[in-house]
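Scroll down for the structure; my scribbles are underneath it.
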Amino acid sequence: KADYTTTHWKGHTAKAGIEGVYNAVNLLSMQFPNQEAQGLPGLNRSDFTNFNPEGSAFLQDRWEYEGLVLNAGLRYDLFTPGPQIPDEELPNGRYKSQISPRLGVAYPISDRDVLSFHYGWTFQTPQRNFVFENRGSESTVAIRGNPDLQPETNICYQAAVQHLFSK
């Protein structure tokens, strides 16, 4: 993870950053551990180890001018279920990515009141158990993870009026 901040331009605070994560997900879950299935303990068992990379990069700027504050930015997110999942199980592609905009504005209406607005997208990767559950199991299982799940996109709006009642 790395980021860089500069105030090189008057009134602006610019930031840029990147992040890379390589996950190792291990799970051993079993029901009825005193019974066996295919010579292994646990009648119903989910046993998997998956490795999956993900990453992100962002650019943002905070501009302040005569009380007005404007925050604007873009974020790029990338997720993949990892190399252990065959391509034929990923009809929507191995890599899931998104560019997410963000915009925030705050403006003082008076010396006691501020009007603000925020709009932004967030990229949420699926929970790993929904992606990998029972992928390493050779037994017949009722639930099997879907490695082709699409990440969620949350879109958030916020508007506010702040008032200072007393010092």
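The values are calculated or read from the model by the stated rules, or taken from the named source; none is laboratory data. The structure presented is a predicted model; accordingly, all values stated were derived computationally and were not measured. Positions of Cβ are generated from backbone atoms using ideal geometry, with glycine treated the same way; all protein chains shown enter the neighbour counts. Just so you know, the surface numbers come from the protein's heavy atoms only, side chains and all, with ligands and any DNA or RNA stripped out. Shrake-Rupley method; radii C 1.70, N 1.55, O 1.52, S 1.80 Å.
Look at Glu89 and say whether it is within 29 Å of Glu152 (Cα to Cα) and touching a Phe, Trp or Tyr at 6+ places or on another chain (Cβ under 8 Å). Even if it seems obvious, please write down each step before you answer.
Working: within 29 Å of Glu152 (Cα to Cα): yes; touching a Phe, Trp or Tyr at 6+ places or on another chain (Cβ under 8 Å): no.
So Glu89 fails the test.
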Restricting to region 74-108, what's the tally of residues that are part of a loop (DSSP other than H, G, I, E, B) and in contact (Cβ under 8 Å) with a residue 12 or more places away in the chain? 11
Kindly indicate which of Phe123, Phe165, Phe117 is of a type in the set (Phe, Trp, Tyr) and either modelled with pLDDT under 90 or within 27 Å of Val21 (Cα to Cα) (or both). Phe123
Which one is nearest to Leu68 (Cα to Cα) among residues in region 92-111 that are surrounded by 12 or more Cβ atoms within 10 Å (Cβ to Cβ) and charged (D, E, K, R)? Arg102
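Residues checked against (1) within 19 Å of Phe123 (Cα to Cα); (2) free of Cβ contacts under 8 Å to residues at least 24 places away in the same chain; (3) touching a Cys at 6+ places or on another chain (Cβ under 6 Å):
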position: Trp9; (1), (2), (3): no, yes, no
position: Ala24; (1), (2), (3): no, no, no
position: Asn34; (1), (2), (3): no, yes, no
position: Gly42; (1), (2), (3): no, yes, no
position: Ser46; (1), (2), (3): no, no, no
position: Asn52; (1), (2), (3): yes, no, no
position: Glu64; (1), (2), (3): no, no, no
position: Gly67; (1), (2), (3): no, no, no
position: Leu70; (1), (2), (3): no, no, no
Members of region 1-40 found to be assigned to a loop (DSSP other than H, G, I, E, B) and either modelled with pLDDT under 95 or more than 17 Å from the chain's Cα centre (by Cα) (or both), listed by number: Thr7, His8, Trp9, Lys10, Gly11, Phe32, Pro33, Asn34, Gln35, Gln38, Gly39
Tell me yes or no: at least one residue of region 126-140 is modelled with pLDDT of 90 or more, surrounded by 14 or more Cβ atoms within 10 Å (Cβ to Cβ) and closer than 26 Å to Asp3 by Cα. no
Regarding region 66-73, can at least one residue be identified that is open to solvent by 40 Å² or more (accessible area, probe 1.4 Å), at pLDDT 90 or above and under 14 Å from the mean Cα position of the chain (by Cα)? no
Looking only at region 8-51, count every residue that is open to solvent by 100 Å² or more (accessible area, probe 1.4 Å) and closer than 30 Å to Ala72 by Cβ and tell me the total. 4
For region 81-114, which positions are touching a strand residue (DSSP E or B) at 6+ places or on another chain (Cβ under 7 Å) and over 30 Å from Ala16 (Cβ atoms)? Gln84, Ile109, Arg112, Asp113
Which condition from (1) in contact (Cβ under 8 Å) with a residue 12 or more places away in the chain; (2) open to solvent by less than 90 Å² (accessible area, probe 1.4 Å); (3) part of a loop (DSSP other than H, G, I, E, B) is the one that Phe58 breaks? (3)
